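This report concerns only the one structure given below.
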Amino acid sequence: MSDVSVIGLGEMGSALARAFLAAGKSVTVWNRSPAKAEALAQKGALRAGDPAAAAAASPALVICVSDYAATNSILAAAGVAEKLKGRLVVQLTSGLPKEARALAAWTKTQGADYLDGAIGSWPRQIGTPDAAILVAGDDGLFASAEPLLKLLAGGLTFVGSDISHAKILFNAGLSYFAGHWIGFAQGAAICEAEGLDIAAFGDMMAGMAPGLAEDMRHMGNVIAQGRYDNPESSVKTVGADIARLVELSADLKIGGTFPAVAAGLFQRAVDAGYGGEEHGAVVKVLRSA
Ligand code: NAP
């Protein structure tokens, strides 16, 4: 038997398999499109002919495919379920908390152990101290799997025994990054329209990263404690600044969809009477649909 089987050899799955190989583990790999296994085979990976063979080959099975639907179809393939008894299944595919709960329940009926994880890094970071992976599941099970999973990410974090918590935190973080990516791209479009160097804009924003980290901690504490009084920066002030982005986008003849959505949310908070509160109070209009 090999030490670990990796199912799914896209950008991320291949990076996971490479990290295990680099750490000296024997690795069995399977991918729906077999060609993606070739580069890993050249590095010493064993190729399984089908998902059942991959499941049979190792005590631990790491899955990283597009989504849970793909995972479920792989696990439903002929002969796989019978091979899972006594195996550890580690799901590192992104998805929803309810999907993590459902897969945990299904693997339990097959007699398998299950950990649910979420990757918060780029493939190039996997296997380095910079990589971040959140893992949820039974704490004893995590402790026994930790030496193996630590090979993938220096920042391996156990988030507790509720199997859905890795996916909840992943999606909460993704919500932040959705704003980050679109917001940065809007800023780049503004710089471009005005003839400014976009790379220099990226450098300027990177220089603000420590302050942004501080704001995240601050917002976390403010919202957790519900303390929106004595604002340094109020909903009204931030909302007015963002509303000007709508006008600037129109002046520059660039898209204004993102500023309009952001300004609209802050305006809703002002209309609801939260204008004089700390900017984190915008959460109050996000809580209900
Ligand atoms: P990818 O390069 O597009 O690879 C997708 C993988 O899923 C391929 O191995 C593909 O097989 C497989 N797949 C899709 N549908 C399938 C099906 N029905 N049956 C069997 N296999 C199927 O994606 P990726 O970047 O590796 O991402 C994989 C997971 O990692 C995703 O959940 C993603 O959110 C997560 N992730 C990725 C990153 C990143 O930067 N890439 C970062 C964090 C998390 P084929 O090769 O046969 O198409």
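Of note:
- One residue stands out in the range 96-132 among those that are within 11 Å of the ligand (Cβ to nearest atom) and surrounded by 21 or more Cβ atoms within 10 Å (Cβ to Cβ): the one that is farthest from Val65 (Cα to Cα), namely Ala131.
- Scanning the range 18-48 for residues that are in contact with a Phe, Trp or Tyr (Cβ under 8 Å, 6 or more places away or on another chain) and not hydrophobic (A, V, I, L, M, F, W, C) yields one hit, Arg47.
- Meeting the requirement of 1 or more residues that are in contact with a Lys or Arg (Cβ under 6 Å, 6 or more places away or on another chain), within 25 Å of Gly173 (Cα to Cα) and of a type outside the set (S, T, N, Q), the helices (runs of 4 or more DSSP H) wholly within the range 208-289 are 283-286.
- Odd one out for Ala78, checked against (1) surrounded by fewer than 16 Cβ atoms within 10 Å (Cβ to Cβ); (2) modelled with pLDDT of 95 or more: (2)
- The range 132-182, residues that are in contact with a Leu (Cβ under 6 Å, 6 or more places away or on another chain) and of a type in the set (S, T, N, Q): Thr157
- Scanning the range 90-113 for residues that are within 27 Å of Gly49 (Cβ to Cβ) and over 19 Å from the mean Cα position of the chain (by Cα) gives Trp106, Thr107, Thr109, Gln110, Gly111, Ala112, Asp113.
- Residues (of a type in the set (A, V, I, L, M), within 15 Å of the ligand (Cβ to nearest atom) and in contact (Cβ under 8 Å) with a residue 40 or more places away in the chain) located in the range 11-36: Met12, Ala15, Leu16, Ala19
- Failed item, numbered, when Pro51 is tested on (1) free of Cβ contacts under 8 Å to residues at least 60 places away in the same chain; (2) surrounded by fewer than 21 Cβ atoms within 10 Å (Cβ to Cβ): (2)
- Residue identified as at positive phi and either among the acidic types (Asp, Glu) or away from the ligand (no atom under 14 Å from the Cβ) (or both) among Gly49, Gly86, Gly8: Gly86
- Residue check for Ala56: surrounded by fewer than 21 Cβ atoms within 10 Å (Cβ to Cβ), under 17 Å from Thr107 (Cα atoms) and in contact with a helix residue (DSSP H, G or I) (Cβ under 7 Å, 6 or more places away or on another chain): yes
- Of all residue pairs spaced 6 or more apart or on separate chains, those with beta-carbon atoms under 7 Å, a first member in the range 65-88 that is farther than 11 Å from Thr107 by Cβ and a second member that is more than 9 Å from the ligand (Cβ to nearest atom) and not in a helix (DSSP H, G or I) are Ala77/Asp50; Gly86/Gly111.
The values are calculated or read from the model by the stated rules, or taken from the named source; none is laboratory data. None of these values were measured; they are calculated from a predicted model. Using ideal geometry, Cβ is built from the backbone for each residue, glycine included, and neighbour counts are taken over all protein chains shown.
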